[in-house]
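The block underneath contains the structure these notes are about, expressed in structure tokens.
Just so it is clear, none of the values below were taken in a lab; they were calculated from the coordinates. Quick caveat, the model's predicted, so the values are computed rather than measured. Here the Cβ is made from the backbone with ideal geometry for all residues, glycine too, and neighbour counts use every protein chain on show.
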Amino acid sequence: MTKHYVLSLNPNAQHEWDRCTLRNPITAERPDLASMLAEAVGEEAGDYLVSVSIEVKVLEKAPLPQPERSIDVPTVPAVPQLKELVA
């Protein structure tokens, strides 16, 4: 059975649990590996010693978005406009 997931590695993530995530590319849900294994053994009650082989093929790599840099633009004070006085 072949499943596809998006693996995101972000060492700069704010929270530790967001530094390495595995998600379904369509639903964005995190896979429940235990449920997939239970389904594979037929979901019969009991204790199972299982062997799990994982083959990883990188299909596409997208770089992490870079944080936007703010550009400091100096503010120029408004020049007062002079009006001609007519007497």
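Annotation: peptides 48-58, 3-13, ranked by per-residue average of other Cβ atoms within 10 Å with the highest first, follow the order 3-13, 48-58. Projecting the Cα positions of 40, 9, 25 onto the charge dipole of region 1-64 (unit charges on Cβ atoms of Lys, Arg, Asp and Glu, taken about the Cα centre) puts 9 furthest along the positive direction.
Other residues with beta-carbon under 12 Å from the beta-carbon of residue 6 carry, at +1 per Lys or Arg and -1 per Asp or Glu, a net charge of +2.
Can you tell me how much longer the chain between residue 43 and residue 64 gets when fully stretched, taken as 0.36 nm per residue apart minus their C-alpha distance, in nm with one decimal?
Working: separation 21, 0.36 × 21 = 7.56 nm, distance 3.87 nm.
Result: 3.7 nm gained on full extension.
For region 1-64, the convex hull spanned by the alpha carbon atoms encloses 134 Å³ per residue. For residue 50 and residue 2, the FRET efficiency from 1/(1 + (r/R0)^6), where r spans their Cβ atoms and R0 equals 25 Å, is about 0.85.
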